[in-house]
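The values are calculated or read from the model by the stated rules, or taken from the named source; none is laboratory data. Keep in mind that what you see is a predicted model, and the values were worked out from it rather than measured. Every residue, glycine as well, gets a Cβ built from its backbone with ideal geometry; the counts of neighbours run over all protein chains shown. Accessible surface is based on the protein model in full, side chains and every heavy atom, while ligands, DNA and RNA are left aside. Shrake-Rupley method; radii C 1.70, N 1.55, O 1.52, S 1.80 Å.
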Amino acid sequence: KGLNMPDSDVIVEYLEKEHPNPSMKSSAPAELGASFFPTFINFVKAPAEDKDATSKMEAELQAINDYLSKEGNGPLMGGANIDAKDASLAPKLYHACVACKAIKGFDIPEKYKAIKTYFDTLSSKP
């Protein structure tokens, strides 16, 4: 009987339990990106004139970009390898990028260069 695990966090927990090597444990801070998805949802639902929602969305993106840009970090959350933080955050970031552009006309500004490199690196992985 097949397993149904639609949530990336649950999938990572399963993989860590059943296949602990190589580990997908992340050294990225647990709080990094923890509020990204709710912030994204609020931003998408907010009226265009809601500057607070925009500021919060940009703050979330900036925090992720800052972490990836920091010396010794990046291009992925796990450095050169995909880890649990990537498995959790990458799909959320991707969906946010697509939805924000389609619904709000908001494209990740060029100032988030580490996030762009992040997606480029993920795209190059099998």
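Looking at this structure, is A96 aliphatic (A, V, I, L, M), surrounded by 11 or more Cβ atoms within 10 Å (Cβ to Cβ), touching a residue at least 40 places away in the same chain (Cβ under 8 Å) and touching a Ser or Thr at 6+ places or on another chain (Cβ under 8 Å)?
Answer is no for this residue.
Using the structure shown, decide if A53 is of a type in the set (A, V, I, L, M, F, W, C), farther than 21 Å from D120 by Cβ, touching a helix residue (DSSP H, G or I) at 6+ places or on another chain (Cβ under 9 Å) and not in a loop (DSSP other than H, G, I, E, B).
Considered against the rule, which asks whether it is of a type in the set (A, V, I, L, M, F, W, C), farther than 21 Å from D120 by Cβ, touching a helix residue (DSSP H, G or I) at 6+ places or on another chain (Cβ under 9 Å) and not in a loop (DSSP other than H, G, I, E, B), A53 comes out as yes.
In the stretch 104-119, how many are under 17 Å from L89 (Cβ atoms) and free of Cβ contacts under 8 Å to residues at least 40 places away in the same chain?
Counting residues in the stretch 104-119 that are under 17 Å from L89 (Cβ atoms) and free of Cβ contacts under 8 Å to residues at least 40 places away in the same chain gives 2.
Test of understanding: among K104, K111, K56, K125, which residue is farther than 19 Å from D7 by Cβ, of a type in the set (K, R) and modelled with pLDDT of 95 or more?
Answer to the selection: K56.
Working only within the stretch 99-126, note down all residues that are farther than 21 Å from I11 by Cβ, open to solvent by 50 Å² or more (accessible area, probe 1.4 Å) and not polar (S, T, N, Q).
Listed by number, the residues that qualify are K101, A102, I103, K104, G105, D107, E110, K111, K113, K116, D120.
Residue-wise test of (1) open to solvent by 70 Å² or more (accessible area, probe 1.4 Å); (2) in a helix (DSSP H, G or I); (3) in contact (Cβ under 8 Å) with a residue 60 or more places away in the chain.
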{"position": "L15", "(1), (2), (3)": "no, yes, no"}
{"position": "S26", "(1), (2), (3)": "no, no, yes"}
{"position": "F40", "(1), (2), (3)": "no, yes, yes"}
{"position": "F43", "(1), (2), (3)": "no, yes, yes"}
{"position": "A59", "(1), (2), (3)": "no, yes, no"}
{"position": "A63", "(1), (2), (3)": "no, yes, no"}
{"position": "E71", "(1), (2), (3)": "yes, no, no"}
{"position": "G74", "(1), (2), (3)": "no, no, no"}
{"position": "K92", "(1), (2), (3)": "no, yes, no"}
